[in-house]
1. Just give me the residues in the range B:1-54 being in contact with a helix residue (DSSP H, G or I) (Cβ under 8 Å, 6 or more places away or on another chain), within 23 Å of residue B:234 (Cβ to Cβ), in a strand (DSSP E or B) and within 11 Å of chain A (Cβ to nearest Cβ), in sequence order.
2. Taking the options B:32, B:26, B:10, B:49, name whichever one is crowded, with 16+ Cβ neighbours inside 10 Å, at pLDDT 95 or above and over 17 Å from the mean Cα position of the chain (by Cα).
3. Only one of (1) more than 25 Å from residue A:176 (Cβ to Cβ); (2) at pLDDT 85 or above; (3) surrounded by 14 or more Cβ atoms within 10 Å (Cβ to Cβ) is not met by residue A:315, so which one is it?
4. Quickly run through the range A:246-266 and pick out the residues that are crowded, with 17+ Cβ neighbours inside 10 Å, over 29 Å from the mean Cα position of the chain (by Cα) and either outside the structural domain of residue A:142 (by TED's automatic domain parsing) or assigned to a helix (DSSP H, G or I) (or both).
5. For the condition buried (at least 22 other Cβ atoms within 10 Å of the Cβ), more than 30 Å from residue A:86 (Cβ to Cβ) and at pLDDT 95 or above, what is the one hit in A:205, A:235?
6. Out of all the residues in the range B:192-201, which are part of a loop (DSSP other than H, G, I, E, B) and within 18 Å of residue B:19 (Cβ to Cβ)?
7. Out of A:475, A:494, A:539, A:505, which single residue is crowded, with 22+ Cβ neighbours inside 10 Å and either under 22 Å from the mean Cα position of the chain (by Cα) or within 19 Å of residue A:211 (Cβ to Cβ) (or both)?
8. Do we find a residue being free of Cβ contacts under 8 Å to residues at least 40 places away in the same chain and either farther than 27 Å from residue A:376 by Cα or within 14 Å of chain A (Cβ to nearest Cβ) (or both) anywhere in the range B:156-164?
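The values are calculated or read from the model by the stated rules, or taken from the named source; none is laboratory data. The shown structure was predicted, so the numbers you read here are calculated from the model rather than taken from an experiment. Heads up, the Cβs are rebuilt from the backbone with ideal geometry, glycines too, and the neighbour counts pull from every protein chain shown.
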């Protein structure tokens, strides 16, 4: 079986395929340089810390949370390996009663597992809080682990620490400079796997949650699942780094794992730049080296270091990697052109609606749906039926309950009373993500694009549900995972072409014009393969020509058999493309019917314009 | 010279053009209404006048003086006082404190005596507020909060009162009450009123003149009486097909 390109995916140029060979270069260092301080002390530390900073990057860079407790995971890995492998002979007066002397790799695996469990436990508070609050929780978390290793002498020998013997393989010592040969393969393998995960649908799910949790949920991505997974993965890698660290100095003691270390990792990460392995490496290198370079400043060394950090972060807010990325962006133009060309060729045979699943029954049936907030009834006993394959307009003056209805339909709010049925299934108690998976997609009035991602990646997030690869296949970037990714890319490109955005495929969403952003929202929603598409004010802020384009797109969506619920203020649009229109006022349905009938309905006119005095006079007589 | 002159105002929200060249005039002592459906640009206009939004181009002049270089607090100091959409009372403060805060600029100039007299006379105009003067503003009903928001603006002794959607979220009976008050303020002719309102017929009933906005532009204008009979008003809200 070939692991080469599939379905027209372009092969990277030869030079690009040979670059991994450069990864062998660092292995020459211990062979060429004998200096223990630089090879073992500095290079070894850089390798281990890079692993840790890359793990922190999963939480900070991808998920967007701040952790100041990663020294805790680091400590779990380090102490598990230390206590389980240390020889009693070297720990004569230790408070630890029994040293099991397990093999290094077994202890390391257990350290990773224990740390992953700790990450799982921390993942849950991360679901409830974020920003500074979560940062404080992570500090507390790190502190608990630090206090444990500092004071539980029977387990950890307290402040006196644990001494390990250097590793041996056969007759060869793997201590000293040779330890690089142990650490480095782990580093390369893990970073490679993290990079694969980062650029796969997993990484996109992480970034989608960071950019807009509500939009992520509306494409079927479970925030809880991916957020907790990110913490577990991150903690596992941090535990691995800790386990490797324990053998670096052949000695572990609590002071290493204090809160300072967590802060320093965070500084190295931000300094180097997030979501970039090269950035992680550069950040760590500078962070390990710099204090040494400033020895000339003697006592004011750390102060100079701090000032330098401030200045650099002020001028390079995205870290060193940010600078590299913008330089690389200019150089990478040719590679992108090849990919674009291949995508365009492959996408030309794709029918974007081909995979639409056949559904039975009415697209949406609301029966007596009521939503109360305290004393306020925002939606009052609303019943309506939207037949499959039709376009329904939902209008009403400000505050009439349209937005609340949308939020109830998508599961953002749980209705106080009433039933919601879609294609014969009761969806009223499903979560937002479950409804999206069921086939309810939406766009957002106040654009909820994933701003850091490209247009193509935004649509790929919409296709999230179509991915079948598991995490191992993704991490190892197996041919199956690659085929699946390429197939999704082709489909995403075809969807962009459907809304007329294919030339913006590699543009970041934040760089799109307002009209293009609206179209991208529609493409992303269609990627979910919806049975019912909810368009929330798609015309807001658009020019007449752009509105015409959207009208044409909605007609084609309808022709493909997708039911559309259109919430819109722009009456010309509503009247032009709706089969029927429902009018809300004060949370109640006041009219329903063909566009013409609704426009002439006195109740509708009154809701929008108020009572006309002649009508008031007539009423009084 | 008109008291307020809005000239060719263009306002963008990031990538969205909300006002596409809007011109309006308000004479001393007039009540001018701006009507139009959701998203027409009414609130954007009033927020630009009060300095909360910066226009991309165009000008806003008060008494012949451009307001554009001034921050909102200086504009308020000139006598343009806004009653914001959705009332925005200081919910965790008492009714009395809300009124005192409305007079902040006057109190800073040492007009304590005058402010106290004005608050006392406002309590006569708004007996409900007087009954609830020590109650937290957040616990008032929607209609009472709207009255408080208007009273808070009046304590500042405005020369031009900017009323943004006073009917928003209120029940019809309460809306009647609010508009009776607006009518009374207009009759007193002490304050010029710039009224932004979605409920067209309510606004036209009290307005001397009105501008009808649609999609960031003034479509047409006229006296309240003329527009009341004009079918185009209905079309501006419900589309060209509307009867």
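1. If the condition is that a residue be in contact with a helix residue (DSSP H, G or I) (Cβ under 8 Å, 6 or more places away or on another chain), within 23 Å of residue B:234 (Cβ to Cβ), in a strand (DSSP E or B) and within 11 Å of chain A (Cβ to nearest Cβ), then B:35 is the only one that fits.
2. Every option except B:10 fails the conditions.
3. Just one mismatch for residue A:315, condition (3).
4. Within the range A:246-266, A:246, A:247, A:248, A:254, A:256 meet the criteria.
5. A:205
6. Quick first cut of the range B:192-201, residues part of a loop (DSSP other than H, G, I, E, B) only: B:198-199.
Answer for the range B:192-201, where residues must be part of a loop (DSSP other than H, G, I, E, B) and within 18 Å of residue B:19 (Cβ to Cβ): just B:198.
7. Numbers: A:475 fails: crowded, with 22+ Cβ neighbours inside 10 Å; A:494 fails: either under 22 Å from the mean Cα position of the chain (by Cα) or within 19 Å of residue A:211 (Cβ to Cβ) (or both); A:539 fails: either under 22 Å from the mean Cα position of the chain (by Cα) or within 19 Å of residue A:211 (Cβ to Cβ) (or both).
That would be A:505, the only listed residue that is crowded, with 22+ Cβ neighbours inside 10 Å and either under 22 Å from the mean Cα position of the chain (by Cα) or within 19 Å of residue A:211 (Cβ to Cβ) (or both).
8. no
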